[in-house]
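The values are calculated or read from the model by the stated rules, or taken from the named source; none is laboratory data. Remember, it's a predicted structure, so these values are computed and weren't measured experimentally. Here Cβ is always computed from backbone atoms with ideal geometry, including for glycine, and neighbour counts include all displayed protein chains. Just the protein is used for accessible areas: all its heavy atoms, side chains included, with ligands, DNA and RNA removed. Shrake-Rupley method; radii C 1.70, N 1.55, O 1.52, S 1.80 Å.
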Amino acid sequence: MSLRTRILLLVLLATLAPAVALGLYLFENREHDVDEAKRGLGALAQYAAENLDNKVKGTVQLLHGLSRAPDIDTLDKAACSAFLAEVLGRYPQYTGLLTITPNGDLHCDSLRSGRKLNVSARDYFKQTRASLEPAFDVVFGGLTGIAVLQVAYPL
């Protein structure tokens, strides 16, 4: 066996032994790592659920307060939209605030879009109308076109 072959075998053994040892170590600890990742993911999911629940509760409180505002219960769409735009300016986490008539037509909106919109076919509208309780649904916003958690509150 030549010196070159011996050196090559020595280098191969010197690199192969740590690689095998590392592979065995990782194989033995993978179950622990998977369990740890599952616990971390579970904790993150719990945090996200609690955070979303708190945000929804805060939204329902805001909508409850707005439902009592005299600027909402008006036939003046421009004044109602201006009021909602002012509220939206104070709460930028919302994509928009709007009021819907009992037949599902858009009455006024914080974006002052001037668009015509009817949400009578939406599940959250039907549910709120039937139960007179807040309803929630993930939808693509009719005014913004982006996915939102729609929170409907009966007036």
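Numbers for the structure displayed
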read-out: Selected from 88, 41, 16 as most flexible by GNM, with the chain as the system and alpha-carbon contacts under 10 Å; value: 16
read-out: Solvent-accessible area per residue for the chain (1.4 angstrom probe, square angstrom); value: 72
read-out: Estimated dipole of segment 15-150 in Debye, rounded to 20 [Cβ of Lys and Arg +1, of Asp and Glu -1, Cα centre]; value: 500
read-out: Residue 126 versus residue 146: modelled label distance in nm, points set 7 Å from Cα along the beta carbon direction; value: 2.8
read-out: Heavy-atom SASA rank of 35, 123, 109 (probe 1.4 Å, accessible area, largest first); value: 123, 35, 109
read-out: Candidates 67, 110, 131: whichever shows maximal mean-square fluctuation once the chain is modelled as a Gaussian network with Cα springs under 10 Å; value: 131
read-out: Student exercise, segment 81-155 dipole from Lys, Arg, Asp, Glu Cβ charges, in Debye to nearest 20; value: 160
read-out: Cα-based convex hull volume of the chain per residue, rounded to whole Å³; value: 204
read-out: P(r) of segment 46-105 over all Cα-Cα pairs, binned every 10 Å from zero, in whole percent; value: 19, 47, 24, 8, 1
read-out: Accessible area of residue 59 in the full protein assembly, 1.4 Å probe (Å², nearest 10); value: 20
read-out: Extension gain (nm, one decimal) between residue 105 and residue 8, 0.36 nm per residue minus Cα-Cα; value: 26.9 nm
read-out: At R0 = 41 Å, FRET efficiency that the Cβ-Cβ distance of residue 41 and residue 78 yields, to 0.05; value: 0.25
